[in-house]
Every structure is written in C-alpha cells, then in structure tokens.
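Structure, as structure tokens:
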Amino acid sequence: MRSGLGNVRRLGGLLSVLLLATALSACGQGGSSGESTEEAADNAAFPVTVSTKFGEVTVPEKPERVVALGWSDAETALDLGVQPVGVSDWLDFGGNGVGPWAAGEFTASPEMLGTNEVDYEKVASLEPDLILNTRSDGSREKHQTLSKIAPTIAPPADTVPYGTSWRQQLDLVSKALGKSDAGQARIAEVERAFSETLSQHPQLRDKTVGVGAYYGSDQYGAYLTGDSRVRFMRELGMTNKPEIDELGSGSFYVDISRERLDVLSADLTVVFAINGSPRQLWQDQLLNRTSAAREGRLVILDDPEVVNAFSSGSASGMEYALQQVAPVFAEHVADS
C-alpha cells in the first residue's frame, strides 16, 4: 500500500457601568461562576462509579487533570474533548504521543510518560485526579500503586493483557469522564463507518483472515482474536483463522517461526513490520512462498502511518485506517 459629550457622556458612562454590573450580577445568580449549561451537566454527572477487573472505581468529581497511561487511552480521551496532562506513547508517535489524526486536539503539550515501566513519581508529580489505564497488561500491582495517586480505571474483567476492545475502552473512559452519552454516540459513529464500508465491499464478509507482524531478526508473530487488529477485521465481517487462535491463549499474539509462516495464509493475509522495514517483508522468500502470497491474497502494509492507525485500536485511528485499507483488502481477498 502503497484523517459612549460632557455630562451626557459621564451619565452615559455611569449608566453603562450600572447596566454592566446588573448583567454580571444576573449571570452570577443564573450560573456558578459563569458556568455553561454543558459544564453544569458534566459536573452533575459526578460522582460516577466504573466497573473494572479490580472492582468498582469511584470518580468523585469532574476530572481536571487526567493522565492517560493505557494503549490509546489518550486518543480516546481526546475524542471525548478531554486533553490529558500526561500520555504514554505506545506506538512511538513522538510529539504529543498520539496519532496525527488526533494530535491537533492538544492545545498544550502533555508530559510524556513510560509505557511498560511506569514512572510512578513522574505520574504523581502531575497531580492527576484521574488515571486511565484501560488497555494495559492488567497488573494488579501497578493498579494498586497507581490507585494511591488517583482513581485509576483498569481494564474490564475477563480480558487478556492489552485485550480491551475499542468499545469497552470508549465505554470505560466516557463513564470515568462523565461523558457516557458522548461515548455511546461515538461508538455508534464508528459502527456506522464500518457498516457503510462493508456495504461497499461485501466480498469481505464471512472470510478468514491472518494478521501478522515482523519484529525483526527473522521473528514473526500472529495476532489472536482478542487483539485490536483482529477486532478491526472482525468489524469488516471477517473471522480470524482458527488455526492461528489454536496456537495460543491468554495473550493477544503468538510468536511464529519463519518456517511456519504459511499458518498466516487465509482468505486474506495482512502483514506489516514493527521493527525492520517493509522491504524486508517484500524480500523474504519464505513469506513470498506462502499460499497467500502465491495466490495474490497477501497485503503488506508499508505506510507507517497506516500501520499505526490500524494498530491503534482507537476510534479515530480506526476510522483513518478504514479509509486507507478497506479497498486494498477487498481487492486481495479470495473469491467466494
């Protein structure tokens, strides 16, 4: 592949001042500190309680300083009109730590935080009143430590590490921010985008898919059904190749050797490089000997921006990727 004269003036000025004071007084009586109707509604939503794998978490009042640690938590908060003060950059975007489809939502640059290893002192220094960690490894130890700093929203129950779906993430984050209605509306928008795309490319429906990544040093991996990339394909009516899911459980991916690359062959096979370059994929003789490659069913994603959008699992990232990849997937999927 290649988102107011003499006394009259003085009287007029005095009258203006009196009128202004009266207006300000009226505003003060009609709303708290000039608070808008929307702000009042947001505040009225609290306290809120969010259910997570570690039990219920209460957010007592509208958060003003949000730290987004989980994969795509920052993009999800931005999607709901909230700018985090701290962000974990899981896909090495640089800049503000989010994809270009969301980076413009920041008016002030957030503090960059770690990913796998959390710098608790740095998080605490930001004085957050809410920590989002909804798509993460689900470590109880991390959750307990973070919860001592601020209310922390962990992944939902019964999810593998990094297995929180985009719907679950939007639901968790919107509830914690007191924006549940906006979250549900956003879910409906994304569902509509996928539905419209599938109606344009009905040949994708009910087909199998294998999604893999090249990690460098001749190492490949295949993504399992709980992964966000496979969920993207499922939104297009496809199912993960069963033989791939049989290779592992309790995670979102499984390592595969180059000699077993043909396990990725399905009605459509999608591969991209995480470490290394796409050129290495084009030149990998074993990959090009797979049945998917020989029969024209292999798609190598070679645009890093598209790869990141496809991998983001965020609403805005998926919408961006959808426009780029759906026509190509439809072109290469096996005929019925």
So, in nm, how far is label GLU127 from label ARG289 when the simple model puts each one 7 Å beyond its Cα toward the Cβ? 6.3
To the nearest Å, what is the center-to-center distance of region 160-238 and region 266-327, using C-alpha atoms only? 15
At 37 °C and a viscosity of 0.692 mPa s, what translational diffusion coefficient does Stokes-Einstein give for region 37-185, taking Rh as the Kirkwood radius over Cα pairs? Give it in µm²/s as a whole number. 219
Debye intensity ratio I(q)/I(0), log10, region 234-308, q values 0.12, 0.16, 0.20 Å⁻¹ (C-alpha model): -0.35, -0.64, -1.01
Based on the Cα atoms of region 201-332, what semi-axes does the equivalent ellipsoid have, where each is the square root of 5 times one gyration tensor eigenvalue, given in whole Å with the largest first? 20, 16, 16
Can you compute the label reach from GLU191? Point 7 Å from Cα along the Cβ direction, backbone N cut-off under 15 Å, restricted to region 213-237. 235-237
Which of the GluC sites (Glu not before Pro) across region 159-268 are loop residues per DSSP, with 15 or fewer other Cβ within 10 Å? GLU246
Calculate how large, on average over all directions, the projected area of the Cα convex hull of region 193-240 is; give the answer in nm² to one decimal. 3.7
Could you give the semi-axes, largest first, of the ellipsoid that matches region 169-250, computed as the square roots of 5 times the alpha carbon gyration tensor eigenvalues and rounded to whole Å? 28, 19, 11
Backbone N under 14 Å from the ARG205 label point (7 Å along Cα→Cβ), restricted to region 237-272: 237-239
So in region 47-178, what percent of DSSP beta bridges are antiparallel if you round to the nearest 5? 35
Past the 31 angstrom mark, what percentage of all C-alpha to C-alpha distances in the chain do you count? 41
Among VAL190, SER217, SER174, which residue has its Cα furthest toward the positive end of the charge dipole of region 109-222, with +1 on Lys/Arg Cβ and -1 on Asp/Glu Cβ? VAL190
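Throughout, read-outs are computed from the coordinates displayed, never taken from laboratory work. Quantities reported herein were computed from a predicted structural model and do not represent experimental measurements. Virtual Cβ from ideal backbone geometry, glycine too; neighbours counted across all protein chains shown.
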